[in-house]
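Asker: Quick one: the structure is below, and I'll ask about it shortly.
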């Protein structure tokens, strides 16, 4: 078996050498340093390069807004990396300016993108152009203390309206419900909007959809968590879940691994759950949540040879393959911090480090996940949602008035951005 594997590896190297790709060396910027960076760089050295003959310079970078600035400077200077990881929202802004290669130019692109759940891959598409491959994925889900719910005879809230019963019972016992907002109020609001089958933009992407009746109702429900139920704006510490002070919360995906590795004393006493849902017009309950991913892009470089561009694509195909992602997820989990991360692929879910009793539920969350829409200048709409939230929760403004103002300001800003980007958009 080992000899057969050796022959296959030798054959792959022979193919790449004869194509000219193996003679290239590519530079990869990724936001994994420390032990996580070691996992990735060792896999590259021990698997990718021996199989393809392509040398890789792995450069760990910090996942900060400065990374995009540094990348832009390198693109302008004519010396960008061959692959770079970015925040998902940054991709379309660079792609429509012609700063990124279109991933769907590669003949086998569709085979690669089909590896991913649609909710994680759709964020990087604009005007049928695809500018990135998904990386580490993000979503929200509920977490609850099964022991406390059982002891107090509490039911897991299925609908947001169920909080009308749950929250007073928790507060009567000195406990709280918490809804995370570390990813920003706009993203949290999208859960309520997506569950109603709506988006923050109109279908043509030209205007804000925040003044639609569904958007206004979603905003009222979201802000009522703070104005009616008086839940905390910030969570003092995730240890409040461990202590039982916050036995029910809606939080980001990474909390799963954080609880598991730092609180073995409550193992078997907690579980993930769907976020509370909304009944749609057809009578079905939607538990949709926004999904997003880090992105892997190939920055444009007029000096880059066709062979080097193909080498970069070979790297992305290798990196997102089921076998490699399984090893990465395993390596991250075995590292001292025991990270439980997921990279958005259907095969990767099978190797993700979730407890067997939680796996089916988390799979359902992925299936219902909704991609966050990206349009040029769309990030400005998030800012106006943020303004409206603060006006309602901190200054007691009327939610409908505040959101309609956000819709008007957002639509005007989108129009300004279209004029600003017109010279780029006409070429897409």
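All of the numbers you see were taken from the coordinates with simple rules; none came from a lab. Note that this is a predicted model, so its numbers are computed, not measured. Positions of Cβ are backbone-derived with ideal geometry, glycine not excepted, and every protein chain shown enters the neighbour counts.
Asker: Note the full-extension length gain between residue 303 and residue 284 as 0.36 nm times their separation in residues minus their Cα-Cα distance, in nm to one decimal.
Answerer: 1.5 nm
Asker: Additional query: Using the basic label-point model (7 angstrom from Cα toward the beta carbon), what is the residue 422 to residue 146 distance in nanometres?
Answerer: Distance between label points: 6.0 nm.
Asker: While we're on this one: Could you list, bin by bin from short to long, the percent of Cα-Cα pairs of the range 265-321 in 5 Å steps?
Answerer: All Cα pairs considered, the percentages come to 4, 12, 12, 10, 9, 9, 9, 11, 9, 9, 5, 1.
Asker: The range 239-263 to the range 189-225: how many Å between their Cα centroids?
Answerer: When both Cα centres are located, 28 Å separates them.
Asker: Now, a different point. What value, in deg cm²/dmol to 500, does the helix sum -39500 (n - 2.57) over DSSP H runs of n ≥ 4 give at 222 nm once divided by the residues of the chain?
Answerer: -14000 deg cm²/dmol
Asker: Give me the Kirkwood hydrodynamic radius of the range 279-381, using the inverse of the mean 1/r over all pairs of distinct Cα atoms, in Å to one decimal.
Answerer: 16.9 Å
Asker: Set the Förster distance to 25 Å, then compute FRET efficiency between residue 330 and residue 254 from the Cβ-Cβ distance, nearest 0.05.
Answerer: 0.90
Asker: Just the C-alpha atoms of the range 361-416: what Rg/Rh do they give, with Rh taken as the Kirkwood radius?
Answerer: On the Cα set of the range 361-416, Rg over Rh gives 1.14.
Asker: Distances over 17 Å make up what percent of all Cα-Cα pairs in the range 65-153?
Answerer: Looking at the range 65-153, the distances longer than 17 Å represent 59 percent of pairs.
Asker: Now for a separate question. What full-extension length gain, to one decimal in nm, is calculated for residue 350 and residue 42 as 0.36 nm per residue of separation minus the Cα-Cα distance? Could the numbers behind the result be given before it?
Answerer: Details: separation 308, 0.36 × 308 = 110.88 nm, distance 2.28 nm.
Gain on extension, residue 350 to residue 42, equals 108.6 nm.
Asker: Right, next: How big is D, in µm² s⁻¹, for the chain by Stokes-Einstein at 37 °C and 0.692 mPa s if Rh is the Kirkwood radius over C-alpha pairs?
Answerer: The estimated diffusion coefficient comes to 141 µm²/s.
Asker: Based only on Cα atoms, what Rg/Rh ratio does the range 151-196 have, Rh being taken as Kirkwood's radius?
Answerer: In the range 151-196, Rg relative to Rh is 1.04.
Asker: Taking the Cα atoms of the range 316-428, what is the range of coordinates along each of the three principal axes, in descending order and whole Å?
Answerer: If we take the Cα atoms of the range 316-428, the spans are 48, 44, 28 Å.
Asker: May I pose another question? Over all directions, the average projected area of the alpha-carbon convex hull for the range 131-208 comes to how many nm²?
Answerer: For the Cα atoms of the range 131-208, the hull's average projected area reads 7.9 nm².
Asker: Note the direction-averaged projected area, equal to a quarter of the hull surface, for the Cα convex hull of the range 160-306, in nm².
Answerer: Approximately 13.9 nm², given one-decimal rounding.
Asker: While we're on this one: Can you give the alpha-carbon Rg of the range 181-264 over 2.2 N^0.38 Å, where N counts its residues?
Answerer: Normalised by 2.2 N^0.38 Å, the Cα Rg of the range 181-264 equals 1.34.
Asker: Let me ask something else about it. As I understand it, the value is the acute angle between the Cα axis of helix 163-172 and the longest principal axis of the Cα atoms of the chain; what does it come to in degrees, rounded to 10?
Answerer: 70 degrees
Asker: Between the range 364-389 and the range 44-83, how many Å separate their Cα centres?
Answerer: Spelled out, the Cα-based centre of one part sits 28 Å from the other.
Asker: How far apart, in nm, are the 7 Å Cα→Cβ label points at residue 171 and residue 263?
Answerer: My value for the distance between the label points is 2.2 nm.
Asker: Considering the zone a paramagnetic label at residue 357 would reach in this model (a point 7 Å from Cα along the Cα-to-Cβ line), which residues of the range 266-296 have amide N under 17 Å from it?
Answerer: Answer for this model: 266-274.
Asker: Let me ask something additional. Which residues among the range 331-373 fall inside the zone where the amide N is under 15 Å from a point 7 Å beyond the Cα of residue 35, along Cα→Cβ?
Answerer: Residues passing the 15 Å test: 331-341.
Asker: Taking every pair of alpha-carbon atoms in the range 224-282, what share in percent sits in each 5 Å bin, from 0 to the bin with the longest distance?
Answerer: Once binned at 5 Å, the Cα pair distances of the range 224-282 give 4, 13, 25, 23, 15, 11, 6, 3, 1.
Asker: Hey, with R₀ at 41 Å, roughly what FRET efficiency would residue 408 and residue 321 work out to, going by the Cβ-Cβ distance, to 0.05?
Answerer: 0.30
Asker: Follow-up question, since we're still on this one. Would you kindly calculate the mean projected area, averaged across all directions, of the convex hull enclosing the Cα atoms of the range 92-238, in square nanometres?
Answerer: Approximately 11.8 nm², given one-decimal rounding.
Asker: Could I ask something else about it? Expressed as an acute angle from 0 to 90° and rounded to the nearest 10, what is the orientation of the C-alpha long axis of helix 213-227 relative to the principal long axis of the chain?
Answerer: 70 degrees
Asker: So how tilted is helix 306-319 from the main axis of the chain? Cα-based, degrees 0 to 90, rounded to 10.
Answerer: With rounding to tens, the tilt is 50 degrees.
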